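Colleague: After the C-alpha coordinates below, expect a handful of questions from me.
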Amino acid sequence: MLTILFFGILWMAALALSPLFFSWLQRTIKMRLNDKQIEQKLAGRDRKKLLAESPYRYDHWQGDDGYRVFDEREMDRYLAFVHTAKEAEDTILKQIFADEANDAILLD
(Lines give C-alpha, C1' and ligand atoms only; values in the text may rest on other atoms or scores of the structure.)
Protein backbone atom coordinates (compact mmCIF):
# COMPACT_ATOMS: atom_id res chain seq x y z
CA MET A 1 0.00 0.00 0.00
CA LEU A 2 2.84 2.36 0.87
CA THR A 3 4.48 1.61 -2.48
CA ILE A 4 1.32 2.52 -4.39
CA LEU A 5 1.04 5.77 -2.44
CA PHE A 6 4.71 6.59 -3.10
CA PHE A 7 4.44 5.99 -6.85
CA GLY A 8 1.14 7.88 -6.96
CA ILE A 9 2.78 10.93 -5.39
CA LEU A 10 5.77 10.55 -7.71
CA TRP A 11 3.45 10.35 -10.74
CA MET A 12 1.54 13.48 -9.66
CA ALA A 13 4.80 15.38 -9.19
CA ALA A 14 5.98 14.33 -12.65
CA LEU A 15 2.70 15.50 -14.19
CA ALA A 16 2.93 18.82 -12.36
CA LEU A 17 6.51 19.47 -13.49
CA SER A 18 6.16 18.33 -17.11
CA PRO A 19 4.91 21.71 -18.46
CA LEU A 20 7.92 23.40 -16.88
CA PHE A 21 10.27 20.86 -18.44
CA PHE A 22 8.75 21.18 -21.91
CA SER A 23 8.76 24.96 -21.69
CA TRP A 24 12.46 24.89 -20.75
CA LEU A 25 13.19 22.41 -23.54
CA GLN A 26 11.39 24.57 -26.11
CA ARG A 27 13.32 27.71 -25.02
CA THR A 28 16.62 25.83 -25.14
CA ILE A 29 16.00 24.49 -28.64
CA LYS A 30 14.91 27.93 -29.84
CA MET A 31 18.07 29.55 -28.41
CA ARG A 32 20.34 26.96 -30.02
CA LEU A 33 18.67 27.38 -33.41
CA ASN A 34 18.97 31.15 -33.08
CA ASP A 35 22.70 30.82 -32.27
CA LYS A 36 23.25 28.56 -35.29
CA GLN A 37 21.44 30.97 -37.62
CA ILE A 38 23.50 33.92 -36.38
CA GLU A 39 26.78 32.02 -36.72
CA GLN A 40 25.78 31.00 -40.23
CA LYS A 41 24.97 34.58 -41.24
CA LEU A 42 28.18 35.91 -39.68
CA ALA A 43 30.07 33.83 -42.25
CA GLY A 44 33.45 34.22 -40.58
CA ARG A 45 33.08 37.89 -39.67
CA ASP A 46 34.07 39.01 -36.20
CA ARG A 47 31.03 39.36 -33.96
CA LYS A 48 32.53 42.02 -31.66
CA LYS A 49 33.83 44.12 -34.54
CA LEU A 50 30.46 44.01 -36.31
CA LEU A 51 28.70 45.08 -33.11
CA ALA A 52 31.18 47.91 -32.50
CA GLU A 53 30.82 49.30 -36.04
CA SER A 54 27.03 49.19 -36.12
CA PRO A 55 24.82 52.19 -35.31
CA TYR A 56 22.83 50.01 -32.89
CA ARG A 57 23.53 49.94 -29.16
CA TYR A 58 21.99 48.45 -26.06
CA ASP A 59 21.93 49.66 -22.51
CA HIS A 60 20.39 48.80 -19.19
CA TRP A 61 17.95 51.53 -18.24
CA GLN A 62 17.30 52.36 -14.61
CA GLY A 63 14.07 50.80 -13.44
CA ASP A 64 13.92 48.25 -16.25
CA ASP A 65 14.49 44.56 -15.73
CA GLY A 66 16.43 44.12 -18.97
CA TYR A 67 18.06 45.95 -21.86
CA ARG A 68 16.79 48.35 -24.49
CA VAL A 69 18.21 48.09 -28.00
CA PHE A 70 18.25 51.41 -29.82
CA ASP A 71 19.51 53.03 -33.00
CA GLU A 72 21.98 55.86 -32.32
CA ARG A 73 20.60 57.69 -35.35
CA GLU A 74 17.14 57.82 -33.74
CA MET A 75 17.52 58.34 -30.01
CA ASP A 76 13.85 59.05 -29.31
CA ARG A 77 12.72 55.42 -29.58
CA TYR A 78 14.07 51.97 -28.95
CA LEU A 79 13.90 48.98 -31.28
CA ALA A 80 13.49 46.17 -28.79
CA PHE A 81 13.42 45.26 -25.14
CA VAL A 82 15.23 42.07 -24.11
CA HIS A 83 16.17 40.43 -20.84
CA THR A 84 19.88 39.62 -21.27
CA ALA A 85 22.93 41.22 -22.85
CA LYS A 86 23.34 38.22 -25.18
CA GLU A 87 19.76 38.65 -26.40
CA ALA A 88 20.50 42.33 -27.01
CA GLU A 89 23.60 41.48 -29.07
CA ASP A 90 21.65 38.87 -31.02
CA THR A 91 18.90 41.41 -31.72
CA ILE A 92 21.47 43.91 -32.99
CA LEU A 93 23.06 41.29 -35.24
CA LYS A 94 19.65 40.33 -36.65
CA GLN A 95 18.96 44.00 -37.38
CA ILE A 96 22.35 44.33 -39.11
CA PHE A 97 21.59 41.26 -41.25
CA ALA A 98 18.17 42.68 -42.12
CA ASP A 99 19.78 46.00 -43.11
CA GLU A 100 22.30 44.15 -45.29
CA ALA A 101 19.50 42.17 -46.95
CA ASN A 102 17.58 45.39 -47.67
CA ASP A 103 20.70 46.98 -49.17
CA ALA A 104 21.21 43.93 -51.36
CA ILE A 105 17.61 44.16 -52.57
CA LEU A 106 18.04 47.85 -53.37
CA LEU A 107 21.25 47.20 -55.32
CA ASP A 108 19.68 44.52 -57.54
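The values are calculated or read from the model by the stated rules, or taken from the named source; none is laboratory data. Owing to the predicted nature of the structure, the values given are computational and were not obtained by experimental measurement. Every residue, glycine among them, receives a Cβ derived from its backbone with ideal geometry; neighbour counts consider all protein chains shown.
Colleague: Is it the case that some residue within region 54-67 is among the hydroxyl-bearing types (Ser, Thr, Tyr) and touching a residue at least 40 places away in the same chain (Cβ under 8 Å)? It would help to see each step written out before you state the result.
Modeller: Step one: list which residues in region 54-67 are among the hydroxyl-bearing types (Ser, Thr, Tyr), which gives 54, 56, 58, 67.
Those left that are additionally touching a residue at least 40 places away in the same chain (Cβ under 8 Å): 54, 56.
Checking region 54-67: at least one residue is among the hydroxyl-bearing types (Ser, Thr, Tyr) and touching a residue at least 40 places away in the same chain (Cβ under 8 Å).
Colleague: Given the criterion assigned to a strand (DSSP E or B), more than 15 Å from the chain's Cα centre (by Cα) and at pLDDT below 90, identify the matching residue among Asp76, Asp64, Asp59.
Modeller: Details: Asp64 fails: assigned to a strand (DSSP E or B); Asp59 fails: at pLDDT below 90.
Testing whether each residue is assigned to a strand (DSSP E or B), more than 15 Å from the chain's Cα centre (by Cα) and at pLDDT below 90 leaves just Asp76.
Colleague: Right, next: Would you call Leu79 assigned by TED's automatic domain parsing to the domain that holds Gln95 and in contact (Cβ under 8 Å) with a residue 24 or more places away in the chain?
Modeller: On the way: assigned by TED's automatic domain parsing to the domain that holds Gln95: yes; in contact (Cβ under 8 Å) with a residue 24 or more places away in the chain: no.
Here the answer is no, as Leu79 does not meet what is asked.
Colleague: Return a yes/no flag: does region 10-25 have any residue that is closer than 30 Å to Glu74 by Cβ, free of Cβ contacts under 8 Å to residues at least 24 places away in the same chain and part of a helix (DSSP H, G or I). Steps first, please.
Modeller: Taking region 10-25 as the starting set, the residues that turn out to be closer than 30 Å to Glu74 by Cβ are none.
The answer is no; no qualifying residue exists.
Colleague: Also: So, Tyr56, is that one assigned by TED's automatic domain parsing to the domain that holds Glu100 and touching a helix residue (DSSP H, G or I) at 6+ places or on another chain (Cβ under 6 Å) or not?
Modeller: Values: assigned by TED's automatic domain parsing to the domain that holds Glu100: yes; touching a helix residue (DSSP H, G or I) at 6+ places or on another chain (Cβ under 6 Å): yes.
Yes: the conditions hold for Tyr56.
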